[in-house]
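Chemist: Take this structure, written in structure tokens, and hold onto it; I'll ask about it next.
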Amino acid sequence: MGEEQLQTMVRFFKALADESRLRLLGLLAGREASVEELATLLGLTAPTVSHHLARLRELGLVRMRSEGTTHLYTMDADALRRLSKETLEPGSVAALADDVEGEAWERKVLRDFFDGERLKEIPASRKKRLVVLRWLASQFRPDVRYPENEVNAILRRHHADAATLRRELVSDAYGLMQRERGVYWLTPPRESAVPDTRFLP
């Protein structure tokens, strides 16, 4: 699940995890109402109602229209149905664990292949090797261009075979770094061609 979708789910549940907002939404499901009307019906202050309405409007659950100097609010039923489907269907709920499982597996790979910051061996599996190479790539700054001898020096801090690691970092298979005339730099994220690890052996 993408970060943006996850944050939308968090905002959705937070918005509805409040008794006053639920009652307010219930009132607006039946008719339009002003802040003053809603405050009277719910026994709240007008600023409190305005605060709750702002939270609901952030998600698009409430619409507003002006009638003279009065602002009238109503629930957007279509938006509620859409958000409910996106956040409550089984597939969306299951996707919440995708990143957790992936991150836990990557942490295990790093624990298995590293002793502190020393790489014990280069993984034979391309999927595991990608995890190791990503960690090694994180040792380089994205805004710096490195001569080959400096790349080797950084890699040797973690493993003796700097040449193999350097070639793998710039290889088409991983594309984590780029090279031109003996100068190396990290591949910008938007240009990186890191393979989908689910399909690697």
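We did not get these values from a lab; they are worked out from the coordinates using the rules stated. Note that the structure is a prediction, hence the values are computed from the model and not measured. Heads up, the Cβs are rebuilt from the backbone with ideal geometry, glycines too, and the neighbour counts pull from every protein chain shown.
Chemist: For Asp112, Asp78, what ranking results if the residue with the fewest other Cβ atoms within 10 Å of its Cβ goes first? Show your work: numbers first, answer last.
Modeler: Details: Asp112 13, Asp78 9.
Final ranking by Cβ density, sparse to dense: Asp78, Asp112.
Chemist: Filter the trypsin sites (Lys or Arg not before Pro) in region 160-192 down to the DSSP loop ones having no more than 10 other Cβ atoms within 10 Å, then list what survives. Please list the in-between numbers first.
Modeler: Numbers: sites: Arg166, Arg167, Arg179, Arg181, Arg190; in loops: Arg181, Arg190.
Filter output for region 160-192: Arg181, Arg190.
Chemist: Test of understanding: what is the full-extension gain from Ala77 to Lys14, defined as 0.36 nm times their sequence separation minus their Cα-Cα distance?
Modeler: Details: separation 63, 0.36 × 63 = 22.68 nm, distance 1.84 nm.
Full extension from Ala77 to Lys14 adds 20.8 nm.
Chemist: Something else about it: Using Cβ contacts closer than 10 Å as the measure, can you line up His159, His71, His52 from fewest to most? Working shown, then result.
Modeler: Numbers: His159 19, His71 15, His52 23.
With the fewest neighbours first, His159, His71, His52 line up as His71, His159, His52.
Chemist: Most exposed first by the Cβ proxy, i.e. fewest other Cβ within 10 Å, how do Thr164, Thr48 rank?
Modeler: On the way: Thr164 12, Thr48 16.
Lowest count first: Thr164, Thr48.
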